[in-house]
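Student: Dropping the structure in here first, questions after.
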Amino acid sequence: MSMKPDIREEELARRAQKGDGAAFDSLVGYCAPRLFNLAYRLMGNRDDADDITQEAFLRIYQALPRFKWDASFNSWMYKITTNLCFDEMKRRKKRPLNFAEITAEGENEPEFTAENSDPADIIMKSTDSRIVQQAINELPAEARAIIVMFDVQGMSYLEIADIMKLNMGTVKSRLNRVRHTLREKIDKMRGTL
C-alpha cells in the first residue's frame with residue numbers, strides 16, 4: 001500500500017511556503033497525527049512522540065521556504081521526523097526503551113464494547129498488542145523504522161528507500177529480516193506468558 005500524494009496537504013504546504021501562516025497551522029493540524037504516530041511507534045512513549053512531533057514541525061517551518069518540489073513533501077516530513085527519532089535514540093546511547101512507560105498511560109487497556117463483549121478475547125488482543133509493541137521497541141532503530149513505516153504507516157518500499165537513503169532492494173531484504181526477527185521475539189514473549 002503506497003501513500004498517495006495528498007492534494008490538500010500539498011496545497012497547504014505550497015501556501016505555507018509563500019508565507020501563509022494560517023495554511024501552516026492547518027498543515028500542522030492535518031499532518032500532526034501521522035507524524036505523531038510515526039514518532040510514537042519509533043520512540044515508544046507519548047512524551048517523546050509529542051516532543052519530536054513539535055520539533056519536526058519547527059524544522060519543517062524553518063526549512064519550508066527552501067523546500068524544492070522535486071521530492072515528495074510527505075516523504076520529506078517523514079524523513080525529518082525519522083531523523084529526529086534517530087538523533088534522540090543516539091543521544092540516549094540506544095538504551096532499551098522501558099516497556100512500563102508505554103503501558104503506564106493506559107492507552108493499551110482493554111476496551112469492552114457491544115461488538116466485543118467477551119473479556120477473554122479483549123484481554124488476549126490487548127496482550128498481543130503489548131507484546132508486539134514491546135518486540136518492536138527491542139529492535140535496533142533502523143529495523144524499527146523500516147517495520148513501522150511499512151507495516152504501520154503503510155509506506156511503499158520506494159518511499160522508505162527515499163526516507164532511509166537506501167536502495168529499494170535493501171529495504172525489501174531488511175524488512176524481510178526484521179519481520180523474521182520480530183516473529184521470533186513475539187513467539188518467545190508469548191511462550192513466557
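Rule-based calculations on the coordinates, nothing more; no lab input. Remember, it's a predicted structure, so these values are computed and weren't measured experimentally. As a convention, Cβ positions derive from the backbone with ideal geometry for all residues, glycine included, and neighbour counts pool all protein chains shown.
Student: Fewest to most neighbouring Cβ within 10 Å: what's the order for T82, T181?
Tutor: So the ranking, lowest neighbour count to highest, is T181, T82.
Student: Let me ask you something else. Rounded, prolate or oblate: which fits the range 1-60 when a ≥ b ≥ c are the square roots of the eigenvalues of the alpha-carbon gyration tensor, with rounded for a/c under 1.5 and prolate only if a/b beats b/c?
Tutor: Oblate.
Student: Ok, one more. Could you tell me which chymotrypsin sites (Phe, Trp or Tyr not before Pro) in the range 13-99 are loop residues by DSSP with no more than 13 other beta carbons within 10 angstrom of their beta carbon?
Tutor: W69
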